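Beneath this line is the structure, given in structure tokens, with notes to follow.
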Amino acid sequence: KWNVGKWSNAEYDKQVEIARGTFDVKTRKAAYDKAVAVLVEECPSAFLAHVNEHKVMANYVKGFQAIPADLVNLHTVWLDKA
């Protein structure tokens, strides 16, 4: 259901089934480690980062400063609408 890219790997599936089929913690961890290694090495992935930029722009907005970490501090902002 969540495999939108339709990625498939028999070794990955095998290791996950081994892990699911045992109560032995060491065996389960080893199988999941192998499955993750296959996944990281082969699975097509794209990590997207999109940062919303918060900017306040108007002649009557005073004291606004953009913070590089994409934070907003409105404690020093005031509106000067005379």
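A short reminder: the numbers here are calculations on the coordinates, not readings from a lab. What you are looking at is a predicted structure, and each value in this text was computed from that prediction instead of being measured.
Residues in segment 25-34 carry Karplus couplings, in order, of 4, 5, 5, 4, 4, 4, 5, 5, 4, 5 Hz; the curve used is 6.51 cos²θ - 1.76 cosθ + 1.60 with θ = phi - 60°, and Gly or Pro positions show x. Between Val61 and Asp80, the built amide H atoms are under 5 Å apart, and every one of these is 5 or more places off in sequence or on another chain.
Residues in segment 18-23 carry Karplus couplings, in order, of 4, 4, 5, x, 10, 9 Hz; the curve used is 6.51 cos²θ - 1.76 cosθ + 1.60 with θ = phi - 60°, and Gly or Pro positions show x.
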